[in-house]
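**Student:** Below you'll find the structure I mean.
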Amino acid sequence: MGYTNQGEEFFLKSMNVEQVFGIIERTDYFFLYNIQECMKESELENGVYLSALAEKMELSIPNVSKAVKNLETKGYVTWKLDDKKEKTYIVLTNKAIELGRDQRRKIVEAYEKITTNIRKEDMKVTMLTLSKIRNLLKDVQ
(Lines give C-alpha, C1' and ligand atoms only; values in the text may rest on other atoms or scores of the structure.)
Protein backbone atom coordinates (compact mmCIF):
# COMPACT_ATOMS: atom_id res chain seq x y z
CA MET A 1 0.00 0.00 0.00
CA GLY A 2 1.49 3.31 -1.03
CA TYR A 3 1.00 6.50 0.93
CA THR A 4 -0.86 9.03 -1.16
CA ASN A 5 -0.10 12.18 0.76
CA GLN A 6 2.14 13.71 3.39
CA GLY A 7 -0.69 13.58 5.93
CA GLU A 8 -0.91 9.82 5.73
CA GLU A 9 2.83 9.49 5.90
CA PHE A 10 3.04 11.84 8.88
CA PHE A 11 0.40 10.03 10.94
CA LEU A 12 1.35 6.49 9.94
CA LYS A 13 5.13 6.63 9.85
CA SER A 14 6.49 9.58 11.83
CA MET A 15 6.23 8.13 15.29
CA ASN A 16 4.76 4.75 16.02
CA VAL A 17 4.14 4.98 19.75
CA GLU A 18 2.12 1.78 19.55
CA GLN A 19 5.35 -0.22 19.44
CA VAL A 20 6.06 0.94 22.99
CA PHE A 21 2.69 -0.44 24.10
CA GLY A 22 3.30 -4.14 23.48
CA ILE A 23 2.03 -5.27 26.87
CA ILE A 24 -1.17 -3.26 27.24
CA GLU A 25 -2.95 -1.34 24.51
CA ARG A 26 -2.28 2.39 24.68
CA THR A 27 -5.91 3.35 25.33
CA ASP A 28 -6.23 0.75 28.09
CA TYR A 29 -3.01 1.95 29.70
CA PHE A 30 -4.23 5.54 29.52
CA PHE A 31 -7.39 4.62 31.45
CA LEU A 32 -5.54 2.41 33.95
CA TYR A 33 -3.04 5.21 34.55
CA ASN A 34 -5.87 7.67 35.20
CA ILE A 35 -7.62 5.22 37.52
CA GLN A 36 -4.42 4.93 39.56
CA GLU A 37 -3.96 8.70 39.63
CA CYS A 38 -7.58 9.20 40.64
CA MET A 39 -7.23 6.60 43.40
CA LYS A 40 -4.53 8.74 45.04
CA GLU A 41 -7.18 11.38 45.73
CA SER A 42 -10.10 9.01 46.26
CA GLU A 43 -11.94 8.75 49.54
CA LEU A 44 -12.04 4.99 48.93
CA GLU A 45 -9.20 2.82 50.18
CA ASN A 46 -8.54 0.93 46.94
CA GLY A 47 -10.93 2.17 44.28
CA VAL A 48 -12.51 5.09 42.49
CA TYR A 49 -16.03 6.15 41.60
CA LEU A 50 -16.81 6.35 37.90
CA SER A 51 -17.91 9.98 38.28
CA ALA A 52 -14.55 10.95 39.83
CA LEU A 53 -12.69 9.24 36.99
CA ALA A 54 -14.82 10.97 34.36
CA GLU A 55 -14.20 14.33 36.02
CA LYS A 56 -10.43 13.76 36.19
CA MET A 57 -10.28 12.70 32.54
CA GLU A 58 -12.67 15.45 31.43
CA LEU A 59 -14.86 12.90 29.67
CA SER A 60 -18.54 12.10 29.90
CA ILE A 61 -19.65 9.36 32.27
CA PRO A 62 -21.12 7.28 29.38
CA ASN A 63 -17.79 7.39 27.51
CA VAL A 64 -15.82 6.44 30.60
CA SER A 65 -18.34 3.71 31.38
CA LYS A 66 -17.82 2.14 27.93
CA ALA A 67 -14.05 2.16 28.41
CA VAL A 68 -14.34 0.67 31.90
CA LYS A 69 -16.61 -2.10 30.58
CA ASN A 70 -13.89 -2.87 28.04
CA LEU A 71 -11.29 -2.98 30.84
CA GLU A 72 -13.56 -5.28 32.82
CA THR A 73 -13.90 -7.64 29.84
CA LYS A 74 -10.10 -7.84 29.67
CA GLY A 75 -9.87 -8.61 33.39
CA TYR A 76 -8.25 -5.29 34.36
CA VAL A 77 -10.95 -3.94 36.68
CA THR A 78 -13.80 -5.16 38.81
CA TRP A 79 -16.78 -3.37 40.31
CA LYS A 80 -17.36 -3.26 44.07
CA LEU A 81 -20.23 -1.87 46.10
CA ASP A 82 -19.69 0.91 48.63
CA ASP A 83 -22.25 -0.15 51.22
CA LYS A 84 -22.16 3.22 52.97
CA LYS A 85 -23.10 5.23 49.88
CA GLU A 86 -24.81 2.42 47.99
CA LYS A 87 -22.69 3.24 44.95
CA THR A 88 -20.42 1.07 42.89
CA TYR A 89 -16.77 1.84 42.30
CA ILE A 90 -13.88 0.53 40.20
CA VAL A 91 -11.00 -1.53 41.57
CA LEU A 92 -7.90 -2.55 39.63
CA THR A 93 -7.24 -6.29 39.46
CA ASN A 94 -3.88 -7.88 40.22
CA LYS A 95 -3.57 -8.56 36.49
CA ALA A 96 -3.90 -4.84 35.71
CA ILE A 97 -1.42 -3.89 38.42
CA GLU A 98 1.19 -6.41 37.23
CA LEU A 99 0.77 -5.69 33.51
CA GLY A 100 0.71 -1.95 34.24
CA ARG A 101 4.00 -2.25 36.13
CA ASP A 102 5.56 -4.14 33.19
CA GLN A 103 4.20 -1.61 30.69
CA ARG A 104 5.48 1.31 32.79
CA ARG A 105 8.94 -0.29 32.82
CA LYS A 106 8.85 -0.57 29.01
CA ILE A 107 7.79 3.08 28.68
CA VAL A 108 10.60 4.22 30.99
CA GLU A 109 13.14 2.18 29.01
CA ALA A 110 11.95 3.71 25.74
CA TYR A 111 12.06 7.22 27.19
CA GLU A 112 15.57 6.68 28.57
CA LYS A 113 16.71 5.44 25.16
CA ILE A 114 15.35 8.62 23.59
CA THR A 115 16.78 10.99 26.19
CA THR A 116 20.24 9.42 26.12
CA ASN A 117 20.46 9.56 22.32
CA ILE A 118 18.91 12.94 21.56
CA ARG A 119 20.36 16.24 22.73
CA LYS A 120 18.37 18.23 25.31
CA GLU A 121 18.00 21.17 22.93
CA ASP A 122 16.56 18.92 20.23
CA MET A 123 14.18 17.34 22.76
CA LYS A 124 12.93 20.77 23.84
CA VAL A 125 12.18 21.74 20.25
CA THR A 126 10.54 18.37 19.58
CA MET A 127 8.36 18.56 22.70
CA LEU A 128 7.31 22.12 21.87
CA THR A 129 6.44 21.11 18.31
CA LEU A 130 4.46 18.06 19.48
CA SER A 131 2.60 20.23 21.97
CA LYS A 132 1.64 22.62 19.17
CA ILE A 133 0.48 19.70 17.02
CA ARG A 134 -1.64 18.29 19.88
CA ASN A 135 -3.26 21.70 20.40
CA LEU A 136 -3.99 22.05 16.69
CA LEU A 137 -5.57 18.59 16.57
CA LYS A 138 -7.86 19.10 19.58
CA ASP A 139 -10.64 20.31 17.32
CA VAL A 140 -10.26 17.52 14.72
CA GLN A 141 -12.95 14.88 15.10
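The values are calculated or read from the model by the stated rules, or taken from the named source; none is laboratory data. Here the structure is a predicted model, which is why all the values come from computation and not from measurement. Methodologically, a virtual Cβ is constructed for each residue, glycine included, from the backbone with ideal geometry; neighbour enumeration extends over all protein chains shown.
**Student:** Which of the residues belonging to segment 105-141 are closer than 26 Å to residue 59 by Cβ and part of a helix (DSSP H, G or I)? Reasoning before the result, please.
**Tutor:** Keep residues of segment 105-141 that are closer than 26 Å to residue 59 by Cβ, which gives 106-107, 111, 127, 130-141.
Matches in segment 105-141: 106, 107, 111, 127, 130, 131, 132, 133, 134, 135, 136, 137.
**Student:** Which of the residues spanning segment 10-56 are among the aromatic types (Phe, Trp, Tyr) and modelled with pLDDT of 90 or more?
**Tutor:** As a first pass, look at segment 10-56 and keep what is among the aromatic types (Phe, Trp, Tyr): 10-11, 21, 29-31, 33, 49.
Scanning segment 10-56 gives 29, 30, 31, 33, 49.
**Student:** Which of the residues that make up segment 116-134 are more than 21 Å from the chain's Cα centre (by Cα) and basic (Lys, Arg)?
**Tutor:** Those that are more than 21 Å from the chain's Cα centre (by Cα) and basic (Lys, Arg): 119, 120, 124.
**Student:** What number of residues within segment 65-79 satisfy the criterion of being surrounded by 13 or more Cβ atoms within 10 Å (Cβ to Cβ) and either assigned to a loop (DSSP other than H, G, I, E, B) or not aliphatic (A, V, I, L, M) (or both)? Don't jump to the end; show me each part of the working.
**Tutor:** Our first condition is that a residue be surrounded by 13 or more Cβ atoms within 10 Å (Cβ to Cβ); within segment 65-79, this holds for 65, 67-68, 70-72, 74, 76-79.
Adding the requirement that they be either assigned to a loop (DSSP other than H, G, I, E, B) or not aliphatic (A, V, I, L, M) (or both) leaves 65, 70, 72, 74, 76, 78-79.
So the count comes out to 7.
**Student:** Right, another one. Just checking, which of 111, 76 is under 24 Å from residue 16 (Cβ atoms), among the hydroxyl-bearing types (Ser, Thr, Tyr) and touching a helix residue (DSSP H, G or I) at 6+ places or on another chain (Cβ under 8 Å)? Please lay out each step first, then the result.
**Tutor:** Working: 111 fails: touching a helix residue (DSSP H, G or I) at 6+ places or on another chain (Cβ under 8 Å).
So the residue among 111, 76 that is under 24 Å from residue 16 (Cβ atoms), among the hydroxyl-bearing types (Ser, Thr, Tyr) and touching a helix residue (DSSP H, G or I) at 6+ places or on another chain (Cβ under 8 Å) is 76.
**Student:** Would you mind finding the one in 103, 141 that is modelled with pLDDT under 90 and among the polar types (S, T, N, Q)? Can you show your working first?
**Tutor:** Details: 103 fails: modelled with pLDDT under 90.
Only one candidate passes the filter, namely 141.
**Student:** Whether any residue in segment 102-110 is free of Cβ contacts under 8 Å to residues at least 12 places away in the same chain and touching a strand residue (DSSP E or B) at 6+ places or on another chain (Cβ under 6 Å) is what I want to check. Steps first, please.
**Tutor:** As a first pass, look at segment 102-110 and keep what is free of Cβ contacts under 8 Å to residues at least 12 places away in the same chain: 104-105, 108-109.
Applying the additional criterion that residues be touching a strand residue (DSSP E or B) at 6+ places or on another chain (Cβ under 6 Å) yields none.
For segment 102-110, residues free of Cβ contacts under 8 Å to residues at least 12 places away in the same chain and touching a strand residue (DSSP E or B) at 6+ places or on another chain (Cβ under 6 Å): absent.
**Student:** Being outside any loop (DSSP other than H, G, I, E, B) and touching a residue at least 40 places away in the same chain (Cβ under 8 Å) is the filter; apply it to segment 44-64 and report the residue that is farthest from residue 91 (Cα to Cα).
**Tutor:** Selected residue: 50.
**Student:** Can you work out which of the residues in segment 30-60 that are of a type in the set (Ser, Thr, Tyr) and within 16 Å of residue 78 (Cα to Cα) is surrounded by the most Cβ atoms within 10 Å (Cβ to Cβ)? Before the answer, list the steps.
**Tutor:** The first filter runs over segment 30-60 and keeps only residues of a type in the set (Ser, Thr, Tyr), leaving 33, 42, 49, 51, 60.
Subset that is within 16 Å of residue 78 (Cα to Cα): 33, 49, 51.
On the way: 33: 15, 49: 18, 51: 12.
That would be 49.
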